Amino acid sequence: MKFAPKFLLLTAGLFCQSAIADWQLDNADSQLNFLSTKKAQITETHSFNQLSGTITDLGKVSIEIDLTSVDTLIPIRNERMQEFLFEVNQFAKATINAQLEPSFLKTLESGTVTHLDLNAELSLHGETKPLALSIVVFKDKAGNISAVSRKPVIINAADFKLVDGVNKLQELAGLPSITYAVPVTFSLSFK
């Protein structure tokens, strides 16, 4: 039994090393934006202020979007989106999960820019759908990784049972139309 403390320390050290090897999303240096179009011609940019996530050294990518942090620059619209569109009382978070090849992270050299097509899954409003991402990946000298969308990702409200919510927002705002397809762009920084 006198070896037990050493074994526990060694085991704890291994778990700490594993945790340190993961990259953590830096919310302050990251953005996720989406566009909405109303009245057929007026397009506005919105964002989410709270993102979190990780990339493990085995290539598992997990990103969580706090839907209560939606920011349209108009407080009443933020509240309406939270209540009627995202229904944050039931569905407060959206998640994106993907798997990178572990060899990709090991061979990604500092200072290089790589274009990558990545299959992911988006879970939003109780629905999970495949998501095709086209991204630019950059690794800096400190080992931090940035991922930026090369093309907007189009999210269709019908795929996530959000049409009724969009219709309610249209009714509350007295608008003739709000589009159901929303382009999304992102710039994510992992430290």
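Laboratory data are not the source of any read-out in this text; all were calculated from the coordinates shown. Since the model is a prediction, treat every value here as computed from it, not as a measurement. Methodologically, a virtual Cβ is constructed for each residue, glycine included, from the backbone with ideal geometry; neighbour enumeration extends over all protein chains shown.
Put in line by how crowded their Cβ is, counting other Cβ atoms within 10 Å and starting with the fewest, H125, H115 read H115, H125.
Computed from Cα atoms, the angle from the helix 163-173 axis to the main principal axis of the chain rounds to 50 degrees. Computing Rg and the Kirkwood Rh from the Cα coordinates of region 104-191 gives a ratio, Rg/Rh, of 1.13. Placing a pseudo-label 7 Å from each Cα along the Cα-to-Cβ vector at E83 and T45 gives an inter-label distance of 2.9 nm. Using alpha carbons only, how many angstrom separate the centre of region 39-68 from the centre of region 142-158? About 8 Å separates the Cα centre of region 39-68 from the one of region 142-158. As a proxy for reagent exposure, S103, S36, S52 were ordered by neighbouring Cβ count within 10 angstrom, fewest first; the result is S103, S52, S36.
The charge dipole of region 24-134, taken about its Cα centre with unit charges on the Cβ atoms of Lys, Arg (+1), Asp and Glu (-1) only, comes to about 320 debye. Counting 0.36 nm for each residue step from D66 to Q99 and taking away their Cα separation leaves a gain of 9.7 nm. Over the chain, Cα pairs under 8 Å with separation of 6+ residues give a relative contact order of 24 percent. Here the Gaussian network model covers the chain, with springs between Cα atoms less than 10 Å apart; of L124, L51, L116, L116 fluctuates the most. Along the positive direction of the dipole of region 78-139 (beta-carbon charges: Lys, Arg +1; Asp, Glu -1; about the Cα centre), which of S134, P102, S123 reaches farthest? Towards the positive end, the residue furthest out is P102.
A Förster radius of 30 Å combined with the Cβ-Cβ distance from V148 to D22 puts the calculated FRET efficiency at roughly 0.90.
Looking only at I65, I155, I76, which one moves most when the chain is put into a Gaussian network model with springs between Cα atoms under 10 Å? Highest fluctuation among the options: I76. In plain terms, the residue of K141, K191 with the fewest other Cβ atoms within 10 Å comes first and the most crowded comes last, giving K141, K191.
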